[in-house]
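Rule-based calculations on the coordinates, nothing more; no lab input. None of the values given here were measured: they were computed from a predicted structure. Here Cβ is always computed from backbone atoms with ideal geometry, including for glycine, and neighbour counts include all displayed protein chains.
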Amino acid sequence: MDSDVSLDKSNLYDVLGIAPDADVHEVRRAFRALARILHPDVNAAEDAPRKFALVAGAHAVLSDPDRRRAYDALRQAASAASVRYPNGFPVGAVRRGALRGADVEIGVTLSLREAAFGAHIQVDVPRREVCALCLGRGVAEGVIGERCPSCNGSGGSRERGGECSSCGGSGVAGTPRCANCGGAGRKSGMTPLTVAMLAGVEDCAVVMFKGDGDVGPCNGPRGDLLVHVAVKRDPVLRRSGIDILMELPVSACEAQAGCSIEIPTLRGPKKLRLPAHTPDRTLLRVPGAGIRLHGTLHRGDQFVTVHVNEIMPKRPAD
C-alpha cells in the first residue's frame with residue numbers, strides 16, 4: 001500500500017471539502033477551486049505551499065480509483081478509533097443535507113456573431129470562496145476549534161432559515177477568529193472564470209452554470225451562477241429566430257439591369273445575385289446563412305429586403 005494513503009494526513013475528503021461518495025468530477029472540481037486560492041503563485045501566505053501540498057496530495061489519492069479504494073478500506077478499518085484532525089475539529093466536511101451556497105448573478109454582453117456561433121467569455125464572478133487562511137475553519141491558526149453549539153457544526157440549516165448567525169457558517173466555535181474571514185470560513189472576492197455560451201443564445205436569455213456560485217456554509221455545495229445575456233445590436237444584420245434579416249438599398253439602374261452585390265453575412269462577405277427588373281421590396285433568400293442552434297443540424301437562412309432608390313446607395317459595411 002502506498003505510504004501516502006494514511007489517516008495521519010487527516011481525512012482526505014475533508015481536505016477537499018467533499019463527501020465520501022463524491023464522484024471523480026466533484027473531486028476534480030473541488031481541487032481546482034482550492035488550487036485557485038492556495039497555489040503559491042497566487043497566494044503569498046507563508047503556509048500556502050504546505051496547504052497546497054495537502055490539497056494536491058488529497059486530489060492525487062482520491063482521483064486515482066485504486067488508491068482511493070485502498071484509502072477507503074483503511075478508513076473503514078479505523079472507523080471505530082478516535083481520529084484527531086490537524087488543529088482540532090475537522091475542516092470542511094460536506095454533510096448530507098448541508099446548506100447550499102447562494103446563487104450568483106452576473107451579466108455579459110455578446111456581439112450578434114458571438115451569440116450565433118457561441119463563445120468562451122472571461123468573466124469575474126463576485127462570490128464567496130473557502131477562506132485561504134483558515135481553510136474554512138473560521139478560527140486562527142493553532143486554535144483548537146469546537147463544534148458550534150448553535151448549529152452543531154453544520155454551518156446552518158434550511159429549517160432554521162439559512163446560515164448560522166453564531167459561527168457565520170463555518171460550523172466552528174472558538175477564539176480568536178480568523179483575521180481574514182472574520183470567523184465565517186468564507187471570503188468574498190472576485191473569481192475569474194471562463195463561461196461557454198452555446199451557439200444560438202438569445203438576447204435576454206438567462207444561462208445557468210450549476211455549481212459556480214457561492215460555496216455553502218461549512219464547505220457545503222455551491223450555488224449556481226446565473227448569467228444574464230445581452231446581445232448588442234448589429235448595424236446591418238438582425239435576428240429573427242434562427243433566420244437573419246437585412247435591408248439592402250440598390251439604385252434603380254442596378255435593379256433594372258441586375259447585378260452581383262457583396263453583402264455581409266454572419267460568416268463573412270457573400271455575393272448575392274440581384275435579378276434584372278427587380279422591383280422595390282423584393283425579398284431574396286440566402287440559404288443556410290442563418291443560425292444553427294447548439295445540438296441541432298438545421299441552419300436558418302438570411303433574408304434580404306431590396307429597397308430600390310433613384311440615388312446610388314451606400315453599400316452596407318461588413
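Taking amide hydrogens as placed 1.01 Å from N in the peptide plane, the amide H of Ala173 sits under 5 Å from those of Glu146, Arg147, Cys148, each at least 5 positions away in sequence or on another chain.
Residue separation of Ser157 and Asp243 scaled by 0.36 nm, minus their Cα-Cα distance, works out to 26.1 nm of gained length. Relative to the globular-protein estimate of 2.2 N^0.38 Å, the Cα radius of gyration of region 202-271 stands at 2.01.
Specify whether the C-alpha gyration tensor of region 238-309 places it in the rounded, prolate or oblate class, a ≥ b ≥ c being the square roots of the eigenvalues: rounded for a/c under 1.5, otherwise prolate if a/b is larger than b/c and oblate if not. Walk me through the intermediate numbers first.
Values: a/c = 2.84, a/b = 2.36, b/c = 1.20.
The shape class here is prolate.
Normalised by 2.2 N^0.38 Å, with N the number of residues, the alpha-carbon radius of gyration of region 7-77 equals 1.11. Note on Leu198, Leu34, Leu284: ascending count of other Cβ atoms within 10 Å places them as Leu198, Leu284, Leu34, the fewest first.
Based on every Cα atom in region 127-222, Rg and the maximum pairwise Cα distance Dmax equal 16.3, 53 Å.
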